[in-house]
1. At a Förster distance of 45 Å, what's the computed FRET efficiency of THR101 paired with LEU280, Cβ-Cβ distance as r, to 0.05?
2. With springs connecting C-alpha atoms under 10 Å apart, model the chain as a Gaussian network and identify which of PHE233, PHE98, PHE251 has the largest mean-square fluctuation.
3. Only Lys, Arg, Asp and Glu count, each charged at its Cβ (+1, +1, -1, -1), so figure out the dipole size of the chain about its Cα centre, rounded to 20 debye.
4. List, largest first, the extents of the alpha carbons of the range 27-167 along their principal axes, each in whole Å.
5. Can you tell me which aspartates and glutamates have their Cα less than 19 Å from the Cα of LYS327? Leave out same-chain residues fewer than eight positions away.
6. Restricting to DSSP H runs of at least four residues, report the calculated mean residue ellipticity at 222 nm for the chain, -39500 (n - 2.57) per run over all residues, nearest 500 deg cm²/dmol.
7. Can you compute the label reach from GLN244? Point 7 Å from Cα along the Cβ direction, backbone N cut-off under 16 Å, restricted to the range 296-320.
8. Under 18 Å Cα to Cα from LYS306, which lysines show up? Leave out anything in the same chain fewer than 8 places away.
Amino acid sequence: MAKVELKGLKKYFGHVKAVDGIDLEIKDGEFLALLGPSGSGKTTLMRLFAGLERPSEGSILIDGGNVNDLPPRERGIAMVFQSYALYPHKTVFKNIAFPLTIEGLNKEDIKKKVEWAAGLLHIGHLLERMPSQISGGEKQRVAIARALVRTPKVLLMDEPLSNLDAKVRHMAREELKLFQRDIGVTTIYVTHDQAEAMGLGDRIAVMNDGRIRQIGAPEEIYNEPADAFVAGFVGIPPMNFIEQDNIIIGFRAEAFLPAELIKEKEVMSFRFRIERVENLGAYRLVYGRIGKNKIISNLSARLVLKEGVEHALCVRMEDVGAFGMGKGTKINR
């Protein structure tokens, strides 16, 4: 286990600022999710952690030691990739054992470590199978087991669940969080999927344009976004925005309710023209407009609002955020 620190970290590719001055401290045993859209810099940051790229400026410290000049194998880091990267001609056992074989461990120690990692991930019964004989979710567990047998200080995971179907991904997410909590390894998890970041991270670092826009606990990121980018990127559906008097006001879809359901006096009221209703079982997403602004309301399935009509909807003032028109920085009211 290890504490990881980034100090003034930058990585430039010509004129492209892929990572543009990041200061970050990751606690010993923490699960940190790096969340951002494509091109935000999160994968470049991961490669800098791993030693696959060298910083243009700044420092990476693991347990207080600068690792900028250390090759990947000497950093005490293991990495799990999106593609699994299993050897198709080797059994599951030999895939997991491969890094230990390269290190020259004896057969008995290799056997113990492989069985330990396989037991943690509940794949002991798969050790004699070939990769072609196991499912995508099982392949991902094999890849994680192969990373763990090296007993890393830090575990890096780059979009590890993205190749799984939705149901398996949900199950794998739950298992991964419990597993990480059990072993306590410091974990840095790169994803563009907010559900993964919200469900797995002790904290989330939201990235865009090579910078961290906000870092905090999932509930803080969701309920108190630092700027309009974070507010619009985190949340399904994303936050609603309306430009009004040189500011942008924002509110979540679940806070935008029919006026008759809100008892508070301090509210913002709107005439909401409903264009489409999407029935999703327990709830409905109601799409419409306030003026030229596209707006979404998330309502209980018991509430029936008709398409093509206007309805009075409100949002409590306490649920409204205000952001500047320029950089979208949150305005404290």
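1. 0.35
2. PHE98
3. Details: 47 positive and 43 negative charges, 126 e Å.
In debye, rounded to 20, the chain gives about 600.
4. 46, 39, 27
5. ASP20, ASP209, GLU224, ASP227, GLU243, ASP245
6. Taken over the chain, the calculation gives -7500 deg cm²/dmol.
7. Residues passing the 16 Å test: 296-297, 312-320.
8. Reachable lysines: LYS294.
The values are calculated or read from the model by the stated rules, or taken from the named source; none is laboratory data. Fair warning: this is a prediction, and the values are worked out from it, not measured in the lab. Positions of Cβ are backbone-derived with ideal geometry, glycine not excepted, and every protein chain shown enters the neighbour counts. Note: areas computed on protein heavy atoms with side chains; ligands, DNA, RNA excluded. Shrake-Rupley method; radii C 1.70, N 1.55, O 1.52, S 1.80 Å.
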